[in-house]
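Participant: Have a look at this one.
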Amino acid sequence: MGTFLPRIQSVFYAGFDLTAGPKIICQVPEGLITAPSIPNSTVPPTPSSETSPSPSLPPLHVTASRNSSLSAVASPTEFRPSSRSFSSPQGKRLLPNNQAPLFNFEEISKYVIPGPALCGRLVICSTKNHRIIGLPSQLRGGKYQRNFFRFNLCFVFERTADLSCYEPIVRKISRVLASCEEESGFLSAPGNHAAMNAIIEQLYEDLNSYSETSISIDQFNSIELKIFPFYPNPPEVKDWMVPIMLINLVRRIEDNWDLTMAKVCRYIDGVNHVSRIAHLADCDIKLTREAISHLLYYQVIMTIDIFQYSNMYTLRKSIQWLADEAHVKDECGPYSTKPGFSIPDWPKLLHLYSRMKPGRTVLEWMEEYEVQELGIDVRRFTSFGVIKGFLRRVHRYPILVPGSRSLAQSPSDIQPNQNRKRGKSFTGIQPTLLNQSPESSPQGQYLLRGRTAHIVLAATSLSSEQATSAPPTPRGRMNQTAASVVEPDQPHIRPRRSSAAERILESLRSRDQNLTRPPGTAQASPRTSIFNADPSSVSTIVPVPSITTTASKPQENIPARNPRRQSLIPPITTTDVPPNSPNIPRLNLNSGSRPQLERSPSAPITRTYNGMAAKVAAVPLSYPMELLELLDGEHHTDELAVRFEAGWPLLEEWLSLISEGQNGRVLIIYR
Amino acid sequence: MKKKVLLMGASGSGKTSMRSLIFSNNPASSTARLGATIDVEQNHVRFLGDLILNLWDCGGQDAFMDSYLTTQRSTIFQHVGVMIYVFDAETREINKDLEYYRDCLDGLTQCSPDAAVFLLVHKMDLVQEPKSTMFDKKREELQKASGDVAITVFGTSIYDESLYRAWSSIVHTLIPNAAVLSRHLTKFADGCSATEVILFERTTFLVIATSSPSTSDANSSSSPDSSSAYDFHQMNPKRYERTSELIKAFKWSCSRVREEFHALEMDMYDFTAVLDEMTRNTYVMVVVHDPTIETAAIKLNIRMARKKFEELQGDSIGL
């Protein structure tokens with residue numbers, strides 16, 4: 001960020017003369033603003049002592065001769081040298097540098113010396129080419145002839161200048177001058193114009209040259225000023241934010257740096273989120289947040305979100321022009337490609353970016369487009385988009401909707417259809433789906449879910465890491481409501497892609513038929529999380545972290561899902577225990593190596609989770625009670641995950657538990 | 001109905017003080033605390049309910065005057081109903097004042113040829129020499145400076161009733177059918193056997209209309225000092241403005257003890273007077289010299305006449 005300060009073009013001190021009205025008492029450089037800097041004493045005598053022109057002359061003439069101290073030209077909006085010289089018989093109009101005057105004081109006099117309403121407030125006004133900032137003051141006092149003393153010390157800049165760093169300067173000057181006046185009548189004393197002139201000159205020179213100044217006004221008062229570049233306040237730092245360095249901070253650490261700051265800086269790597277940094281750096285979380293906040297203020301870091309395979313991203317409008325920007329095009333490839341692979345060209349990368357949508361997790365997207373094969377480092381790929389500003393994270397906001405969960409059981413045959421269709425469409429068919437469903441409540445969910453549609457790939461978090469190569473296991477959304485059928489279709493990204501709803505429907509139906517699970521039983525998984533495979537995972541009873549990462553292969557998933565879907569239809573029955581089979585692969589998976597584990601900010605959590613998974617025991621998963629309060633649609637899953645140190649799979653479990661336990665449904669909003 | 005009233009004059013001549021006294025009901029002493037007016041201060045004063053006076057109090061400093069005559073010319077001088085130009089009786093720059101006055105008059109005649117012009121020679125209380133001679137001299141000067149334009153000149157001061165007289169006259173010109181009102185007041189006076197009936201505006205207590213003396217012809221005389229009829233009761237010619245001033249001062253005292261003034265009844269040795277609310281926006285004062293008439297009877301009459309006057313007032317502002 002550029003820290004150059006705009007140059008002061010002129011400084012002037014204006015007051016209210018009881019006869020002449022608002023006028024400039026002194027200004028530097030001289031004459032830039034068309035009003036002489038000399039008080040009345042040197043201007044030609046007022047008409048009372050000279051023969052005034054006959055009244056038949058146009059007012060302009062009369063005005064001019066009467067008041068040469070003010071350049072009340074006929075068109076004050078533009079400078080006319082001729083009229084100015086006319087207005088001043090003395091011809092005292094040669095400016096020192098032969099500069100043209102900037103503007104006419106009359107244009108702005110009502111903002112420099114305004115009525116009482118504007119006094120005591122910072123006033124910035126603009127003329128055609130300039131901006132003037134000042135703080136008009138009005139001091140009441142019996143000693144003043146008209147009961148008030150008005151003055152204003154203003155700075156003139158170019159019109160496009162950013163004045164934010166001068167605001168405190170203007171306020172301070174006004175304060176100091178006002179108190180000088182109150183103490184000793186400094187400003188209103190008759191002989192002080194020379195002193196004021198000196199002050200203004202010094203202000204003009206020093207602020208322009210050194211950006212600071214120290215002017216003593218009299219024995220007791222002085223003006224001490226320093227201009228600081230003005231940055232806006234940084235946004236609040238949250239624990240789930242991931243800072244990423246924009247400059248090499250570590251190289252700049254000096255001995256006199258704050259300890260926390262020095263420690264924290266070393267862990268800013270674009271992967272660690274704030275609470276993790278605090279943990280790694282062994283610092284208090286509040287101090288860590290402060291340090292990050294400071295770095296944000298000085299704009300040496302920026303924040304992105306925690307990378308998880310369960311994340312969803314979408315393009316922003318800015319892609320329209322950013323896609324053509326050279327820096328984007330040239331930097332993306334080298335930044336995102338893993339070493340040893342050839343760098344894909346920009347159109348290919350752009351195509352990949354465009355395939356990211358809300359409802360499609362990173363894992364799904366990876367699978368579908370064989371991103372792995374291209375040798376693209378997905379974390380860097382997505383963070384590149386986020387940093388450049390054309391990619392945006394779509395967060396999941398769970399919300400607990402109270403209400404009876406007794407959704408009428410829709411006939412299972414309808415539901416599955418809906419489910420299936422839903423899965424497919426998620427981009428367009430939902431509305432129709434909604435219409436179809438007899439139940440209204442699930443509809444709502446469907447609608448919500450539909451958008452996210454592809455949340456699934458629940459596996460994304462945790463599991464995805466482990467199994468980067470594994471096809472994404474569908475993770476259902478947490479729509480609990482009994483019938484909330486989940487998305488189930490996520491896994492079918494490919495089929496979904498096909499526009500033929502019927503085709504998918506057919507394939508799903510056929511798969512369904514393969515399954516023997518009765519509709520009612522499958523319920524367990526309804527949690528919609530389409531955890532891979534089994535409906536069971538979700539069910540309330542078994543805590544089994546449904547997280548999904550099933551190692552599954554797509555085929556496995558599909559069938560697994562189907563039953564789930566079906567089961568989703570009917571109200572969740574907690575009776576069924578999902579078959580273990582799906583779990584087994586999961587377990588296997590768990591034990592598998594996790595090459596990308598370190599990438600996940602929730603890695604540690606994952607481990608825990610895996611541990612749990614390993615147990616597979618029917619240990620009831622209890623969710624923390626505080627989680628309930630936070631399910632108001634205002635806290636997204638990253639925040640909840642970091643707060644409770646639970647990965648998305650675990651969170652999903654909890655949410656489904658909650659849905660069943662509390663009398664309500666947990667819906668997830670994507671935005 | 002809106003009427004624009006321009007209040008212009010040299011700086012420090014007393015324009016804002018006048019406004020404060022008449023329209024804001026502040027006592028004269030409080031005007032010492034007012035500051036200089038920056039540029040134009042606009043006020044909307046509701047007068048008689050339907051008439052809104054749009055007062056433009058224009059600051060008199062040179063910079064402002066110059067701008068009124070040049071850049072703000074049309075804004076200031078268009079659509080003006082009345083221009084009141086205030087001169088400081090004690091000014092030391094009479095020529096400059098006159099010049100500005102002439103320029104303003106030019107502007108006015110150009111942009112609002114139908115506007116009425118009133119000139120107030122203010123701060124008469126400061127004048128040392130005999131006031132009437134000074135005033136006459138001044139008036140001549142102003143007549144000359146105004147050329148062909150019809151003007152009315154008043155000498156005023158905020159410390160006595162003269163200001164009320166001037167403003168009552170001014171406001172009277174803004175009420176379209178004051179004549180009708182006057183006629184009705186006369187009839188009412190006859191009905192009450194009253195010597196005089198005066199209609200005041202409620203907030204400012206400026207005289208709106210009066211009944212004609214019963215002995216003279218029923219010509220509506222709005223200007224109190226032009227009544228030519230023989231004044232049988234030897235009433236003070238300044239009684240109208242004196243009443244305005246006194247009642248206003250009394251109202252102000254009432255408000256200081258947080259009471260509201262409603263009505264006044266005076267049963268005196270030689271006359272009876274009743275001051276009561278007539279319509280929503282007006283007060284009426286009935287002065288009766290017949291000793292046999294009770295105040296209650298007068299009040300009853302007022303009550304019965306109320307409706308008629310309300311009707312009249314609705315019509316009087318005109319549509």
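The values are calculated or read from the model by the stated rules, or taken from the named source; none is laboratory data. Everything numeric here is computed off the predicted structure, so don't read it as measured data. Note that each Cβ is placed from the backbone with ideal geometry, even for glycine, and that neighbours are counted across all protein chains shown. Just so you know, the surface numbers come from the protein's heavy atoms only, side chains and all, with ligands and any DNA or RNA stripped out. Shrake-Rupley method; radii C 1.70, N 1.55, O 1.52, S 1.80 Å.
Participant: How big is the gap, in Å, between the Cα center of region A:122-157 and the Cα center of region A:261-312?
Facilitator: Between the Cα centre of region A:122-157 and that of region A:261-312, the gap is 46 Å.
Participant: How many partner chain Cβ atoms sit within 10 Å of a residue's Cβ in peptide A:630-637, on average, as a whole number? Walk me through the numbers before you get to the answer.
Facilitator: Working: counts 0, 0, 0, 0, 0, 0, 0, 0.
Mean shielding count: 0.
Participant: Based on alpha-carbon centroids, what's the gap between region B:54-110 and region A:346-361 in Å, whole number please?
Facilitator: 72 Å
Participant: Now, a different point. Counting only other chains, and only Cβ atoms inside 10 Å, what mean value do you get across the residues of A:15-23? Numbers along the way, then the final one.
Facilitator: Values: counts 0, 6, 5, 5, 9, 6, 13, 6, 3.
Average neighbour count from other chains, rounded to a whole number: 6.
Participant: What's the ranking of B:134-140, A:166-172, B:2-8 by average number of surrounding C-beta atoms within 10 Å, highest first? Walk me through the numbers on the way to the answer.
Facilitator: Details: B:134-140: 15.0, A:166-172: 17.6, B:2-8: 21.4.
Output ranking for B:134-140, A:166-172, B:2-8: B:2-8, A:166-172, B:134-140.
Participant: Relative to the Cα centre, what is the charge dipole magnitude of chain B, using +1 at the beta carbon of each Lys and Arg, -1 at the beta carbon of each Asp and Glu, and rounding to the nearest 20 debye? Intermediate values should be presented prior to the final figure.
Facilitator: On the way: 34 positive and 42 negative charges, 127 e Å.
With Lys and Arg at +1 and Asp and Glu at -1, about 600 debye.
Participant: Let me ask something else about it. Can you tell me the order of A:357-365, A:101-109 when each peptide is scored by its average per-residue count of other Cβ atoms within 10 angstrom, highest first? Before the final figure, lay out each step's value.
Facilitator: On the way: A:357-365: 26.9, A:101-109: 22.6.
Per-residue mean Cβ counts within 10 Å order the peptides as A:357-365, A:101-109.
Participant: So what is log10(I(q)/I(0)) for region B:81-164 at q = 0.17, 0.19 1/Å, when the Debye sum runs over its Cα atoms only?
Facilitator: Log-scaled intensity ratios, in q order: -0.68, -0.84.
Participant: Taking the Cα atoms only, what angle lies between the long axis of helix B:239-256 and the longest principal axis of chain B, rounded to 10 degrees?
Facilitator: The two axes meet at around 90 degrees.
Participant: In Å² (nearest 100), what accessible area is buried between B and A, both sides summed, heavy protein atoms only, 1.4 Å probe? If you can, show how the numbers build up before the last one.
Facilitator: Working: alone 15550 and 28870 Å², together 42030 Å².
Roughly 2400 Å².
Participant: Taking every alpha carbon pair in region B:122-169, what does the distance histogram look like in 5 angstrom bins from 0, in percent?
Facilitator: Once binned at 5 Å, the Cα pair distances of region B:122-169 give 5, 21, 25, 25, 18, 6, 1.
Participant: So, one more: Please compute, for the alpha-carbon atoms of region A:100-165, the extent along each of the three principal axes and give them in descending order in Å.
Facilitator: Computed over region A:100-165, the largest-to-smallest principal extents equal 41, 27, 16 Å.
Participant: In bins 10 Å wide, starting from 0, what share of all Cα pairs of region B:1-114 does each bin hold, as a percent?
Facilitator: 14, 45, 33, 7, 0
Participant: Report, as an integer, the average count of C-beta atoms from other chains found within 10 Å of each Cβ along B:62-75.
Facilitator: Working: counts 13, 17, 5, 5, 15, 8, 1, 6, 10, 8, 0, 1, 0, 0.
Per residue, the average neighbour count from other chains is 6.
Participant: Something else now. Tell me whether chain B comes out rounded, prolate or oblate; compute the Cα gyration tensor, take square roots of the eigenvalues as a ≥ b ≥ c, and use a/c under 1.5 as the rounded threshold. Mind showing how you got there, number by number?
Facilitator: On the way: a/c = 1.81, a/b = 1.75, b/c = 1.03.
In terms of gyration-tensor shape, prolate.
Participant: Then there is this: With every protein chain in place, what's the accessible area of residue A:121 (1.4 Å probe, Å², nearest 10)?
Facilitator: Its accessible surface works out to 140 Å², give or take rounding.
Participant: Specify the angular offset, from 0 to 90 degrees and rounded to the nearest 10, of the alpha carbon long axis of helix B:295-316 from the longest principal axis of the alpha carbons in chain B.
Facilitator: So the helix axis and the longest Cα principal axis differ by about 40 degrees.
Participant: Could I ask something else about it? Note down the nm distance, to one decimal, between modelled labels 7 Å out along Cα→Cβ at residue A:355 and at residue A:279.
Facilitator: Calculated label separation equals 3.4 nm.
Participant: Taking accessible area as the heavy-atom solvent-accessible surface of the protein chains with a 1.4 Å probe, which residues of region B:21-37 lose no less than 50 Å² upon going from the isolated chain to the full protein assembly?
Facilitator: The answer is B:36 - residues whose exposure falls by at least 50 Å² when every protein chain is included.
Participant: How much FRET efficiency would the formula 1/(1 + (r/R0)^6) give for residue B:268 and residue A:625, where r is the Cβ-Cβ distance and R0 is 60 Å, rounded to 0.05? Could the numbers behind the result be given before it?
Facilitator: Details: r = 87 Å, r/R0 = 1.46.
Calculated value: 0.10.
Participant: Pick out, in residue order, every one of the trypsin sites (Lys or Arg not before Pro) in region B:243-275 that is DSSP loop and has at most 13 other C-beta atoms within 10 Å; say none if there are none.
Facilitator: Counting only loop positions with at most 13 other Cβ atoms within 10 Å, the trypsin sites (Lys or Arg not before Pro) in region B:243-275 are B:258.
Participant: OK, next. Once Rh is set to the Kirkwood radius over Cα pairs, what Stokes-Einstein translational diffusion coefficient, in µm²/s, holds for region A:119-239 at a temperature of 4 °C and a viscosity of 1.567 mPa s?
Facilitator: Approximately 81 µm²/s, per Stokes-Einstein.
Participant: Build a GNM of chain B with springs between Cα atoms under 10 Å: which of B:72, B:61, B:234 gets the top mean-square fluctuation?
Facilitator: B:234
Participant: Take the Cα gyration tensor of region B:242-301, multiply each eigenvalue by 5, square-root it, and list the three semi-axes largest first, rounded to whole angstrom. Show your work: numbers first, answer last.
Facilitator: Details: eigenvalues 100, 35, 20 Å².
Result for region B:242-301: semi-axes of 22, 13, 10 Å.
Participant: So for chain B: antiparallel DSSP bridges make up what percent, rounded to the nearest 5? Show your work: numbers first, answer last.
Facilitator: On the way: 27 of 50 bridges.
Bridges in chain B are about 55 percent antiparallel.
Participant: Further, regarding this structure: Hey, got a sec? Which trypsin sites (Lys or Arg not before Pro) in region B:38-127 land in a DSSP loop and have at most 16 other Cβ atoms within 10 Å? Please report the intermediate quantities before stating the final value.
Facilitator: On the way: sites: B:46, B:73, B:92, B:96, B:102, B:123; in loops: B:92, B:123.
Within region B:38-127, the qualifying trypsin sites (Lys or Arg not before Pro) (loop, at most 16 other Cβ atoms within 10 Å) are B:92.
Participant: Taking the 0 to 90 degree range and rounding to the nearest ten, how far is the long axis of helix B:131-146 tilted relative to the main principal axis of chain B, both from C-alpha atoms?
Facilitator: Computed tilt is about 60 degrees.
Participant: Between residue A:257 and residue A:140, what FRET efficiency follows from the Cβ-Cβ distance if R0 is 51 Å, with the result rounded to 0.05?
Facilitator: So, using R0 = 51 Å, E works out to roughly 0.55.
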